[in-house]
Amino acid sequence: MTLPRLSRILHRIATREWLTILLCLLILAAELGWQNGLGRLDQTLYDGFTTFNSRPARDDIIIVAIDDYSLAQLGRWPWPRKLHAQLLDRLSAAKPRAIGLDVILTEPERPDATGKRPGDDAIAAALRLSGKTVLPVVVANLGAGMAATLPVDAIGAHAKALGHINLEHDNDGVVRSVFLYEGQNGAWWPHFALALARTGGADLARLMPLTDEKQRPGNWVRTREMHIPFAGGNGHFRSVPYVAVLNGEVPAQFFTDKYVLVGATAIGMTDSYPTAVSGESGAMPGVEINANILSSLLDGKSVRFARPWQTALFSVLPVLLALLGFVFLRSRLALLLGASLLLATLGASYLVLCNGIWLPPAAALIVLLISYPLWSWRRLEAAIAYLSQEFMRLDKEPHLLPEAAPTAAPVAIEDELEHRIKAMETAARRVRDLRQFISDSLDSLPDATLVT
């Protein structure tokens with residue numbers, strides 16, 4: 001068996017193996033990519049990319065925080081509604097662009113001895129004076145399906161706009177998206193942040209609700225899902241304590257021409273949620289999530305998931321490049337190519353996310369990780385199988401030199417690899433013995449001999 005013939009046989013075997021592996025891995029990559037996300041793995045990558053892709057906080061978004069310091073100064077929650085009215089009056093005097101009062105006011109205040117509700121009346125008066133305050137709509141399951149709970153008429157009728165504060169939780173409980181419109185029976189409520197942006201005069205015509213013909217009366221419906229491109233984690237936006245604003249410790253010009261969000265940030269007020277950028281800092285308060293959504297709307301930022309065929313194509317391309325490299329490159333360069341394609345896939349997914357499109361990379365990464373070991377194993381298996389056949393043929397040929405009978409050895413369990421290694425050792429020993437026999441025979445000749 002000559003070396004050129006051996007090379008040709010191995011080449012034919014490698015070609016068949018390569019075509020089989022190529023087809024199988026491309027189908028696997030396309031199938032996994034078509035899932036458009038492989039659960040927790042892609043979600044973890046998405047969270048890491050989102051955290052890394054932070055951007056500076058907008059100067060025109062201010063949070064008035066109902067924090068632990070304010071609770072210590074003003075007492076346990078809920079506070080008298082007159083305090084909210086006083087806060088609105090102070091904020092309105094500063095002439096902000098819009099005010100978002102993220103406080104639940106779905107039940108009327110208890111009447112006093114005269115039967116009046118001075119807190120509700122005070123808030124209603126403050127809302128009329130402001131003319132630019134948004135109140136929240138609570139979406140809850142009341143036993144007969146999802147329904148909207150509006151602020152009490154005495155208060156809600158005087159708000160500039162109403163907006164729902166419902167958030168979308170993924171299957172791992174993390175908030176990564178929101179629906180900009182939710183409604184029922186033909187009535188739509190924009191998200192709280194969207195209503196706030198419109199109240200402040202932002203041009204968001206592209207985010208108008210769907211027409212009535214696409215609504216389904218009687219069912220709670222949602223539309224215009226927005227994957228939140230978080231600007232940053234907890235504490236990213238500027239904030240001031242509620243009590244500091246109430247006591248006049250913050251200059252009025254601090255709120256002038258700003259979007260002001262009033263909401264709870266205190267620990268234990270059950271208005272916090274895990275988000276894509278929470279990390280080790282814990283859950284993010286709802287008012288900060290609304291601030292991130294508002295910032296994204298004002299910046300024109302959004303994240304759109306790629307379509308399944310796009311993710312499938314994105315998953316197939318690096319796998320195809322890797323397998324082509326395995327054929328034409330040496331083993332060390334092929335391994336380097338595989339590692340480079342892993343990094344390139346991650347980098348491409350991140351860069352595309354920075355431009356507002358999420359291409360889940362996990363499918364491509366998984367197939368790339370198994371492609372090189374699989375290819376190396378099949379090539380090694382083909383080479384060993386061929387050499388084993390040749391050793392078996394060699395063993396069956398007549399032996400030129402006598403061999404000692406093998407000594408009895410204790411019975412041991414041998415796998416296929418050990419058996420092949422012993423066959424190679426036997427063949428190598430016979431070649432060495434034959435070379436030594438020829439050398440000794442030539443040295444023992446009585447006359448000078450020339451061998452050509």
How long are the three semi-axes of the equivalent ellipsoid of segment 209-338, in whole Å, if each is the root of 5 times an eigenvalue of the C-alpha gyration tensor, listed from largest down?
45, 25, 14
With every protein chain present, what accessible area does Glu17 have (1.4 Å probe, heavy atoms only), rounded to the nearest 10 Å²?
40 Å²
Sequence-distant or interchain residues sharing an amide H contact under 5 Å with His164, placed H: which?
Val137, His191, Phe192
Gly100 long-range amide H proximity, modeled H, under 5 Å:
Val134, Val260, Leu261, Val262
Quote to one decimal, in nm, the extra length available between Leu19 and Leu321 on full extension: 0.36 nm per residue of separation minus the C-alpha distance between them.
107.4 nm
Phe52 label point, 7 Å along Cα→Cβ, cut-off 20 Å on backbone N: hits in segment 250-292?
275-281
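Run the numbers on segment 65-177 and let me know its relative contact order in percent, using alpha-carbon pairs under 8 Å that are six or more apart.
24 percent
Measure off, as a whole percent, the carbon and sulfur share of the 1.4 Å-probe accessible area of segment 243-311, all protein chains present.
Ligands and nucleic acids excluded, carbon and sulfur reach 51 percent.
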Give the Kirkwood hydrodynamic radius (Å, one decimal) of segment 39-112, defined as one over the mean of 1/r across all pairs of different Cα atoms.
16.3 Å
Using 0.36 nm per residue, how much length does the chain from Asp203 to Asp170 gain when fully extended, once their Cα-Cα distance is taken away?
8.9 nm
Amide H proximity to Ser239 below 5 Å, modelled H, separation 5+ or other chain, gives Ile63
My understanding is that a pair violates if its Cα-Cα distance is over 21 Å; which of Lys258/Lys301; Lys95/Lys132; Lys160/Lys301 do that in this structure?
Lys160/Lys301
At a Förster distance of 25 Å, what's the computed FRET efficiency of Ile27 paired with Ser331, Cβ-Cβ distance as r, to 0.05?
0.50
Residue separation between Asp59 and Arg76 times 0.36 nm, minus their alpha-carbon distance, gives in nm 3.0 nm
For segment 253-260, just list the computed ³J(HN,Hα) in residue order, Karplus coefficients 6.51, -1.76 and 1.60, θ = phi - 60°, integers in Hz, with x standing in for Gly and Pro.
5, 5, 9, 5, 6, 10, 8, 10
Residues of segment 54-88 with amide N under 16 Å of the 7 Å Cα→Cβ point at Asp257:
58-62
For segment 20-125, the accessible surface attributable to carbon and sulfur atoms (probe 1.4 angstrom, ligands and nucleic acids excluded) amounts in percent to 56 percent
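The values are calculated or read from the model by the stated rules, or taken from the named source; none is laboratory data. The shown structure was predicted, so the numbers you read here are calculated from the model rather than taken from an experiment. Glycine gets a Cβ as well: all are built from the backbone with ideal geometry, and neighbour counts include every protein chain shown. For accessibility, only protein heavy atoms count, side chains too; no ligands or nucleic acids. Shrake-Rupley method; radii C 1.70, N 1.55, O 1.52, S 1.80 Å.
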